[in-house]
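The structure under discussion appears below in the form of structure tokens.
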Amino acid sequence: MGGRRAAGDEPSDTISSGYDSLLRIAQKAAHLAGNPSVSITYWVPDHDTATADCRSSWITDDDGRAEVWRRFAEGPEPVGYDPAIIPVWADGPTSARFAGLRLEPWRLRVQPAAVMLKGAADLLLTWSA
């Protein structure tokens, strides 16, 4: 899911779940049915990264898809955007090809570029569920 944005629950002291909006196509559905593990990475131009290794599950019911849609439509920058800009989603959250993906992280890793350049890998931040 390179380049994707994910909307999450409110921050807390525990690892929370997140959501992704995507086209549900046969190949992707088959892949996730066989292996629901996904890894998503957020990157900024100064090369800091944050990676979440997650278990995923499809959200295909109308109420669930509407909630995922709302999270992106009302989300803050840089996550928020109007999903209706995707032509096949022009009919809104009940568009035939719109689906949500619930992401339940089991590991989060923050990798500041300055730390990596110093070779101080022991200063990387990692949380595991």
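The values are calculated or read from the model by the stated rules, or taken from the named source; none is laboratory data. If you're wondering where the values come from, they're calculated on a predicted model, not measured in any experiment. A quick note on method: Cβ atoms are made from the backbone with ideal geometry, for glycine too, and the neighbour counts reach across all protein chains shown.
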If the requirement is being out of contact with any Leu (no Cβ under 6 Å at 6 or more places or on another chain) and under 19 Å from Tyr42 (Cβ atoms), which of these qualifies: Pro76, Pro87?
Pro76
For the subset of region 105-129 comprising residues that are touching a residue at least 40 places away in the same chain (Cβ under 8 Å) and surrounded by 16 or more Cβ atoms within 10 Å (Cβ to Cβ), which member is nearest to the chain's Cα centre (by Cα)?
Pro105
Pull up region 46-94, narrow it to residues that are closer than 14 Å to Leu22 by Cβ and charged (D, E, K, R), then point me to the one that is nearest to the chain's Cα centre (by Cα).
Arg71
For region 55-71, indicate whether the set of residues that are among the β-branched types (Val, Ile, Thr), loosely packed, with under 15 Cβ neighbours inside 10 Å and within 23 Å of Pro36 (Cα to Cα) is non-empty.
yes
Please work out which one of (1) farther than 20 Å from Leu23 by Cβ; (2) among the aromatic types (Phe, Trp, Tyr); (3) in contact (Cβ under 8 Å) with a residue 12 or more places away in the chain is the condition Trp43 fails and give its number.
(3)
Counting only residues in region 24-39 that are at pLDDT 85 or above and not in a helix (DSSP H, G or I), the one surrounded by the most Cβ atoms within 10 Å (Cβ to Cβ) is identified as Val38
